[in-house]
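Step one of this worksheet: look at the structure below.
The values are calculated or read from the model by the stated rules, or taken from the named source; none is laboratory data. What you see is a predicted model; the values in this text were computed from it and never measured. Backbone-built Cβ (ideal geometry, glycine too); neighbour counts: all protein chains shown. For accessibility, only protein heavy atoms count, side chains too; no ligands or nucleic acids. Shrake-Rupley method; radii C 1.70, N 1.55, O 1.52, S 1.80 Å.
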Amino acid sequence: MVASYISKKIGILLSVFVSTSLIFGAYALAKNTSTPKIAVASTETELLAVIAQRDTDKDGLPDWEEVLYGTNPTERDTRQLGMSDGEAVSRGLIVPRANVPMPISTNKVEIDDTESPAQNTLTSVFAQSLFSKYILARQENGGDLSTEQISSLVQNARQQLMASVRPASNFKTKEDLSIIASSPDLLRKYAISAEEVLSTHSGNLSESELFYLDLALRNGDSEAIHNLEKLSRAYIDSAMGLVAIAVPSDLSGLSLDLINVLYRIGNEIGDFSRVTTDPIATMLSLAQYRDSIDNMIEIFQKISEMYIINNSSIEVGAQGSGFVNLIASIEPAQKP
């Protein structure tokens, strides 16, 4: 049966998608401004694999694949057929939602579609697109596709998906900042105010976002999802808080860069928190997250250098030092 055949092939499609994703290992900042630490979390590649294999309801269909069939990843028997969704798919009782016509065996039982739990997510869009490409390629090939053909198909689909993703527009521009004259004293005052903003919106969590994402994936920890939402809000609120501070002109460019990267990371972590409902969005954010973190580290290092250049250095332990010296001693991650 077509449905049974497709069910087996989707696993190959997904595994190729994951293995060809251009993701490297990275690290994330734990939220502690006085003694910042770098948490070396599970690599993004490992997290991607976990996302791909996740089967919340243990019904034999990965959560990602359930989007294809319009089934619920938290219910073993979505259509009340007296069997798991995975078994129903293997018997052809539940067929994929496809955007193109496909041959279906005449002896299968037709089941009316129910509302899918994630029809307007990036996962749904990508699943439909990939499935449609697969069906068309199989029809054009006159039958089964080889492993090499499947690999080429998925790589092209991935490249198209990645090419369609663009960094979000900057949160703020220089016109949105209140820029004042610059002096060593004003730079120190800014550091104190910025440190207070970051401390106020720290989220009161000691672990990194990748730690909580890993926990949510491996243990199904709802509290970890909640912590990801808190961290997302913490980054975004920090960005908004920095906008409200009058910034000395010598630091205006770096302050703007910091505001925008914090806001961007906040939104990426927000996508992490949707890993159970939109795993493809999480995958795409993981792909961007490494660069965002490296960018943030570079900005903080330049801020530290700027304070030295302007004779405004702040001793460790003094007010404002948590902002100025946040990661001055940490080298950015080196890409392979």
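Looking at S304, S255, S292, S285, which one is assigned to a helix (DSSP H, G or I) and touching a residue at least 60 places away in the same chain (Cβ under 8 Å)?
That would be S255, the only listed residue that is assigned to a helix (DSSP H, G or I) and touching a residue at least 60 places away in the same chain (Cβ under 8 Å).
For residues in the range 249-261 being open to solvent by less than 10 Å² (accessible area, probe 1.4 Å) and of a type outside the set (S, T, N, Q), which is nearest to E65 (Cα to Cα)?
The selected residue is V261.
For the range 285-329, name all the residues that are open to solvent by 10 Å² or more (accessible area, probe 1.4 Å), farther than 22 Å from S252 by Cα and at pLDDT below 85.
A287, Q288, R290, V316, G317, S329
In the range 175-191, what count of residues is obtained for those that are in a helix (DSSP H, G or I) and either surrounded by 11 or more Cβ atoms within 10 Å (Cβ to Cβ) or β-branched (V, I, T) (or both)?
Selection size over the range 175-191: 8.
State which residue is nearest to D271 (Cα to Cα) when the search covers only the range 215-237 and only residues that are open to solvent by less than 60 Å² (accessible area, probe 1.4 Å) and out of contact with any helix residue (DSSP H, G or I) (no Cβ under 6 Å at 6 or more places or on another chain).
Restricting to residues being open to solvent by less than 60 Å² (accessible area, probe 1.4 Å) and out of contact with any helix residue (DSSP H, G or I) (no Cβ under 6 Å at 6 or more places or on another chain), the top hit is A234.
Quick check on this structure: which one of L217, L326 is over 30 Å from P73 (Cα atoms) and touching a residue at least 24 places away in the same chain (Cβ under 8 Å)?
Exactly one residue qualifies, and that residue is L326.
Looking only at residues that are touching a Ser or Thr at 6+ places or on another chain (Cβ under 6 Å) and in a helix (DSSP H, G or I) in the range 52-98, which one is modelled with the highest pLDDT?
Across the range 52-98, the extreme among qualifying residues is D85.
In this structure, is T276 in a helix (DSSP H, G or I), at pLDDT below 90 and not hydrophobic (A, V, I, L, M, F, W, C)?
So T276 fails the test.
From E223, E209, E196, grab the single residue that is on the phi < 0 side of the Ramachandran plot and touching a residue at least 12 places away in the same chain (Cβ under 8 Å).
E209
Could you list all residues from the range 275-284 that are surrounded by 20 or more Cβ atoms within 10 Å (Cβ to Cβ) and not hydrophobic (A, V, I, L, M, F, W, C)?
Those that are surrounded by 20 or more Cβ atoms within 10 Å (Cβ to Cβ) and not hydrophobic (A, V, I, L, M, F, W, C): T276, D278, P279, T282.
With the structure loaded, tell me whether A194 is closer than 22 Å to V50 by Cβ, assigned to a helix (DSSP H, G or I) and either acidic (D, E) or open to solvent by less than 60 Å² (accessible area, probe 1.4 Å) (or both) or whether it fails that test.
Judged against the criteria, A194 is not a match.
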